[in-house]
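Some notes on the structure that comes next.
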Amino acid sequence: MNENKTLHQILIEELGKRTIDKTELPAVITGNLTPSFTLRPYQKRTFQFFLNYWQEAFDGKPRENHQLLFHMATGSGKTLIMAGLMHYLYAQGYRNFLFFVNSTNIIDKTRDNFLNPLSGKYLFAPQLSIGDRHFTVREVDNFQSTNGGDLNIVFSTIQGLHDRLNRPRENSLTYDDFENQKIVLISDEAHHINASTKKGEKTTQEDLFDSVSWESTVQRVFMANPENVLLEFTATVDFSDENLSKKYKPKLIFDYTLKEFRKDGYSKEVKVLQADLPPLERALQAVLLSQYRRKIFEKNKLAVKPVILFKSKTIQGSKDFFEEFKEGISSLTGKTLDDIQVHSKDDTLTTMFAYYAATGITFDNLAAELKSDFSEDKLIVVNSKDESVAKQLAVNSLEATNNEYRAVFAVDKLNEGWDVLNLFDIVRLYNTRDGKAGKIGKTTMSEAQLIGRGARYCPLRLSPDQPLDQRKFDHDLTNEMRICEELVYHSAYNPQYIQELNTALHEIGIKPKETRQQTIKLKESFKQTKLYKTGHLFLNGQLKYDRNDIAGLDSNVIQGHYPINLHTGQSQTSAVFEEPNGGKVTIDRKFKDYKLMAFGVSVIRKAMQRLDFYQFDNLKKLFPNLKSAHEFMTSHLYLAEIIVTISGQSDRVNNLLPEDKLQAATTVLMRVADGIVSDKVEYKGTQEFTPYMLKDKITDKTLNFSINEGDDKQSGKSMSNARETPEKYHLDLSTRDWFVFDDCYGTSEEKLLIKFIDKRYDDLKKKFKDAYLIRNERHFKIYNFEDGRPLEPDFLLYLIGKENKDTMYYQVFIEPKGGNLLIQDAWKERMLTSLKDRASIDRSWILKDRKYVVWGMPFFNSEQRMPEFEAAFKTLAE
């Protein structure tokens, strides 16, 4: 294995990205996770990489002592991945799992996630099963007398594990637990067990086993049985450390950084607000901002209670400020708030005060409201690691509807393991820094990591088609809801510290190095056109799919490959140095195809009874036209045409035993269930497109861009500005009336599309009276016919015919696409190219002398797709 490459990279090279992306997740993973959480794309990819690793051997050797690292951002759902992997490994015969971490707080939360069905963050399905067997998850103290049918977990801190194993006591874990049975070790915050690695390798094997470090304890447990598995999870591995890089690169199976997490929209955007004010006044700024945010949530009918963290440097300092804050709130007046407004020049604060004024909220009334919302009973102090259990539960459930705390006062208590989602303000109450000689100080880096943990996105949506857990307003910064997607870090005025903090935030990936806000405006010339004033934009809708048109299994399920291997019972002996099969008898396997129905209705019925999935009420939900279980078994539309390939010894393959038929039928039905679930569709996009006033949809917008951060360096840069845009992408859009906005700040492919249209504009004008290109900056979306997924085509080419009567209006959706997304987003291209044949105009809406057509084009890609795009475009101009 190449030490310079990660396991993740090797898997891609060996198997191909397309093969991995096509890997279906088995029901033992998807069916045993809570339906409350939908798998995110990167979580699905994590499972796909693991499944491909597990099913493939490298270097031609059997794999023993599997050790894998999942390097995943804080807040990315590592515990959900653990839960899914536990189920899969349970199906592979593993029953005993050891979860360890450095913090009791994380232990308590993980125990809740795995064992408490009443918890809002419980990760398992109501009933756990693999095939026809149900199982439960049980916490145990050791593995010496566990139930072989249960999934058994020992929870321990790494410190406790080290102590229990090296100072054994009655009914506790011992090294003997790990020698005679295979174990899955799950290490969370795994960077804490690398003390020996960081110091460098031991000089001898004896030195390694004599070591009493945490790392050597874990290694000894791991190596006790060759079938043991060690899964390590962390957001923090320093690959710049030569020893850590050497240890972990060959084991790194998935890498999802905080930077990717933020770019994919799963975090809040981080803003740093510094003010040259005393701590209490800065705290009151945060209080006002928090209350403003709460009102915006309430206005949009969202029950979210924003929380503030007041962070002190010392416990005594925290206690003192708590008393000062209580007094400041109890004596708060309208005059105090008026004085704060005078000193508040930041744009966010200005917008906040403008909202209070516009809604008629006086400062006197606001002061009275804040006295109630931030009264002492709604404040909590957690300065010590030895705080009460009640306080621990309170700070770990701040999102709960019955939790009324609005502010938390702490020093270092709320670090690793604190995953509150409704934290929107952090107030730094001290003004020191420990950076030296241009290096980021330890304190500053820990503060940046705290911000990274606090920046987890608070789930919200304003309409059913919006993603619940991703930002929605990066391309609409003036939307009042934008404040609900931001974490504000309040600091004293200290330019050196702020520079150091920004560097740290950029280094961990939660804040881009450079951002730009760009405003796009409709040209006045376009706003004077008839199209803008009276024209329409036709869009389809999303409907709940009732499945009434499903008459049977999908053809891919019926025609699938269903191999069943029967054990031959043969064995052979070979000498140690003998070549494999050298002169020895080989095991001869025969293959024979059977129709599943050939096993008999009674066998299939018994196999179905083993699997909860095939209860008739569930089948009826999936197949509304199904009349009976007998029809499901015997109809060619369902199971009757499925072919099973049996392999084994010739006489046994030709004369299957009843137990062979039952086991084969059960296995096939499990795979059929996986196929049905993977093909399940809950929504459809309507084929009918209805009109909306174009001027209501296409508006000015303020956009947010991260500059020079991704592979595409054109994003966020002006197409019209020749000084920052190379000639290849430059075009002065102020002279092109057909482009409706004053500029374009899109990607390189988007700019190349505009230049493509520019070169062919004269051809379009020969056929059409007018042609306009509209950049879609989250102005509108359409819905995939097949599964209702929303897509937002990047451009709309609007073409108006020259006919005086029955004028044709062509609405053509176009999507430029980077080469790295052509396969991943292929479903969007299928939708766009199907519009011409499948989209229809709402006939209840007919405008005299106008006819409308909705079309879509194949993807535009300047390097890989030009022949297809040019051929389709040519049909427009002909």
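Criterion first (at pLDDT 95 or above and open to solvent by 70 Å² or more (accessible area, probe 1.4 Å)) does Lys713 satisfy it?
Answer is no for this residue.
Output the number of residues of the range 719-750 satisfying the condition of being at pLDDT 95 or above and open to solvent by less than 10 Å² (accessible area, probe 1.4 Å).
Of the residues in that region, 6 qualify.
Being closer than 20 Å to Pro467 by Cβ, small (Gly, Ala, Ser) and buried (at least 19 other Cβ atoms within 10 Å of the Cβ) is the requirement here; does Ser76 meet it?
yes
Quick one: count up the residues across the range 121-135 that are over 23 Å from Gln43 (Cβ atoms) and either among the acidic types (Asp, Glu) or open to solvent by 70 Å² or more (accessible area, probe 1.4 Å) (or both).
So the answer is 3.
For the range 299-315, which residues satisfy the criterion of being open to solvent by 10 Å² or more (accessible area, probe 1.4 Å) and either in contact with a Lys or Arg (Cβ under 7 Å, 6 or more places away or on another chain) or closer than 23 Å to Asp347 by Cβ (or both)?
Lys299, Asn300, Val304, Lys305, Lys311
Could you list, in sequence order, the residues of the range 78-132 that are hydroxyl-bearing (Ser, Thr, Tyr) and within 21 Å of Phe49 (Cα to Cα)?
If the condition is that a residue be hydroxyl-bearing (Ser, Thr, Tyr) and within 21 Å of Phe49 (Cα to Cα), then Thr79, Tyr88, Tyr90, Tyr94 are the ones that fit.
Looking only at the range 110-120, which residues are open to solvent by 10 Å² or more (accessible area, probe 1.4 Å) and at pLDDT 85 or above?
Residues satisfying the conditions are Arg111, Asp112, Asn113, Leu115, Asn116, Pro117.
Scan the range 427-480 residue by residue and report those that are hydrophobic (A, V, I, L, M, F, W, C), assigned to a loop (DSSP other than H, G, I, E, B) and open to solvent by less than 40 Å² (accessible area, probe 1.4 Å).
Leu429, Ala455, Cys458, Leu460, Phe473, Leu477
Considering the range 142-165 alone, what residues qualify as being hydroxyl-bearing (Ser, Thr, Tyr) and either open to solvent by 10 Å² or more (accessible area, probe 1.4 Å) or modelled with pLDDT under 85 (or both)?
Residues satisfying the conditions are Ser145, Thr146, Thr157.
Looking at Val389, is it of a type in the set (A, V, I, L, M), open to solvent by 50 Å² or more (accessible area, probe 1.4 Å) and under 30 Å from Thr104 (Cα atoms)?
yes
Do any strands (runs of 3 or more DSSP E) lying entirely in the range 642-745 carry at least 2 residues that are in contact with an Asp or Glu (Cβ under 9 Å, 6 or more places away or on another chain) and under 30 Å from Phe768 (Cα atoms), and which ones are they?
Strands (runs of 3 or more DSSP E) meeting the threshold: 688-693.
Could you pull out the residue among Phe869, Phe873 that is within 24 Å of Asp758 (Cα to Cα), touching a strand residue (DSSP E or B) at 6+ places or on another chain (Cβ under 7 Å) and either basic (Lys, Arg) or open to solvent by less than 90 Å² (accessible area, probe 1.4 Å) (or both)?
Phe869
Could you check how many residues of the range 399-410 are aliphatic (A, V, I, L, M), surrounded by fewer than 21 Cβ atoms within 10 Å (Cβ to Cβ) and either closer than 22 Å to Lys319 by Cβ or at pLDDT 90 or above (or both)?
0
Output yes when any residue across the range 756-776 is under 17 Å from Ile520 (Cβ atoms) and free of Cβ contacts under 8 Å to residues at least 24 places away in the same chain, and no when none is.
Scanning the range 756-776 turns up at least one residue that is under 17 Å from Ile520 (Cβ atoms) and free of Cβ contacts under 8 Å to residues at least 24 places away in the same chain.
Being open to solvent by 70 Å² or more (accessible area, probe 1.4 Å) and in contact (Cβ under 8 Å) with a residue 24 or more places away in the chain is true for just one of Asp320, Asp364, Asp338, Asp347. Which residue is that?
Of Asp320, Asp364, Asp338, Asp347, the one residue that is open to solvent by 70 Å² or more (accessible area, probe 1.4 Å) and in contact (Cβ under 8 Å) with a residue 24 or more places away in the chain is Asp364.
Test each condition in (1) open to solvent by less than 10 Å² (accessible area, probe 1.4 Å); (2) modelled with pLDDT under 90; (3) of a type outside the set (Gly, Ala, Ser) for Phe261 and report the one that comes out false.
Every condition holds for Phe261 apart from (2).
Condition (residue is over 24 Å from the mean Cα position of the chain (by Cα) and in contact (Cβ under 8 Å) with a residue 40 or more places away in the chain) applied to the range 265-273: is it met by at least one residue?
For the range 265-273, residues over 24 Å from the mean Cα position of the chain (by Cα) and in contact (Cβ under 8 Å) with a residue 40 or more places away in the chain: present.
Name the pairs: first residue in the range 819-834 and under 18 Å from Gly541 (Cα atoms), second residue assigned to a helix (DSSP H, G or I) and open to solvent by 40 Å² or more (accessible area, probe 1.4 Å), Cβ to Cβ under 6 Å, at least 6 apart or on different chains?
Here the result reads none, with nothing in the range 819-834 linked to a residue that is assigned to a helix (DSSP H, G or I) and open to solvent by 40 Å² or more (accessible area, probe 1.4 Å).
Are any of the residues in the range 43-52 part of a loop (DSSP other than H, G, I, E, B) and either over 25 Å from Asp132 (Cβ atoms) or in contact (Cβ under 8 Å) with a residue 24 or more places away in the chain (or both)?
No, the range 43-52 contains no residue that is part of a loop (DSSP other than H, G, I, E, B) and either over 25 Å from Asp132 (Cβ atoms) or in contact (Cβ under 8 Å) with a residue 24 or more places away in the chain (or both).
Which one of these does Ser647 not meet: (1) open to solvent by less than 40 Å² (accessible area, probe 1.4 Å); (2) under 27 Å from Pro464 (Cα atoms); (3) small (Gly, Ala, Ser)?
The one condition Ser647 does not meet is (2).
The values are calculated or read from the model by the stated rules, or taken from the named source; none is laboratory data. Here the structure is a predicted model, which means the values were calculated and not measured. With ideal geometry, Cβ positions are generated from the backbone for all residues, glycine too; neighbour counts draw on all protein chains shown. Side chains included, ligands, DNA and RNA excluded: accessible areas come from the protein's heavy atoms. Shrake-Rupley method; radii C 1.70, N 1.55, O 1.52, S 1.80 Å.
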